[in-house]
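Notes to accompany the following structure.
The values are calculated or read from the model by the stated rules, or taken from the named source; none is laboratory data. A quick note: this is a predicted structure, and the numbers were derived from the prediction, not measured. We place every Cβ from the backbone using ideal geometry, glycine too, and count neighbours over all the protein chains shown. Side chains are part of the model used for accessible areas, which takes the heavy atoms of the whole protein and leaves out ligands, DNA and RNA. Shrake-Rupley method; radii C 1.70, N 1.55, O 1.52, S 1.80 Å.
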Amino acid sequence: MTVDTFFKKFDEFAGAPNAVKKMRELILKLAVSGKLVEQNDGDEPVADAIARIAFERNKTKKAVENGNSKVPSTFIIGGTYHKIPKTWEWVRLIDVSIQLTDGEHLSPPKVSSGVPLLTAKNVSSGKVLFIDTQYVPEDFAKTAWKRCKPQYGDILVCSRGTIGNCAIYNTEKLSCLMGSLVLIRPNTKTIIGEYLKMLLQTEDCLKW
């Protein structure tokens with residue numbers, strides 16, 4: 001649906017059951033499809049941006065070794081999900097992320113105080129909630145952080161429970177993640193975290 005169609009049928013949408021919810025979903029879908037604002041043909045080519053992200057991700061993972069600085073082009077051009085502006089490309093989530101992983105899979109030791117342990121229940125209503133939180137010893141946390149260490153700006157996504165619930169980690173607090181949460185660290189030089197969070201909440205994305 002185009003923006004013009006949306007406004008032509010605005011009264012119809014406004015009078016429908018769950019109107020506010022449906023209108024929010026539609027506007028969100030139009031936004032992440034590039035149909036709410038005019039596109040600039042002079043924008044940087046997507047391929048160049050993805051190549052930079054791949055280089056930074058490889059540096060983070062120490063993947064470039066023995067003086068080999070060649071960066072593999074791993075992104076996927078093209079797609080059949082829905083029509084997008086000609087200056088856009090379909091890419092994989094990992095290709096716009098510095099890190100993409102889930103939390104610990106084994107049940108850790110619990111203590112009365114220490115480092116907060118976050119699970120899917122701690123992501124709700126678009127926020128990371130430090131409520132009814134269990135704690136793990138600092139030595140366990142240091143080991144867990146070798147896998148992933150949540151930091152300000154990361155996106156946490158529920159992979160169990162209410163699947164797809166997500167929130168931006170807008171805190172400097174230290175914590176550990178259980179496997180019911182996926183951590184996405186977007187390359188914020190190229191993609192806005194809030195935009196990526198919005199995209200993850202769209203109906204199409206949840207279906208994928």
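Of note:
- Matching residues, segment 141-152, being out of contact with any strand residue (DSSP E or B) (no Cβ under 7 Å at 6 or more places or on another chain) and within 23 Å of residue 187 (Cβ to Cβ): 145, 146, 149, 151, 152
- Within segment 108-127, the set of residues being open to solvent by less than 30 Å² (accessible area, probe 1.4 Å) and among the hydrophobic types (A, V, I, L, M, F, W, C) comprises 115, 117, 118, 120, 123.
- In segment 56-109, residue modelled with the highest pLDDT [restricted to those that are more than 19 Å from residue 151 (Cα to Cα) and aliphatic (A, V, I, L, M)]: 106
- Residue tally, condition within 16 Å of residue 127 (Cα to Cα) and surrounded by fewer than 17 Cβ atoms within 10 Å (Cβ to Cβ), over segment 149-173: 12
Here is a yes/no grid of residues against (1) farther than 20 Å from residue 164 by Cβ; (2) in contact (Cβ under 8 Å) with a residue 12 or more places away in the chain:
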{"residue": "110", "(1), (2)": "yes, yes"}
{"residue": "124", "(1), (2)": "no, yes"}
{"residue": "128", "(1), (2)": "no, yes"}
{"residue": "131", "(1), (2)": "yes, no"}
{"residue": "138", "(1), (2)": "yes, yes"}
{"residue": "142", "(1), (2)": "yes, no"}
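- Some residue of segment 86-100 being out of contact with any helix residue (DSSP H, G or I) (no Cβ under 6 Å at 6 or more places or on another chain), touching a residue at least 12 places away in the same chain (Cβ under 8 Å), in a loop (DSSP other than H, G, I, E, B) and under 17 Å from residue 163 (Cβ atoms): no
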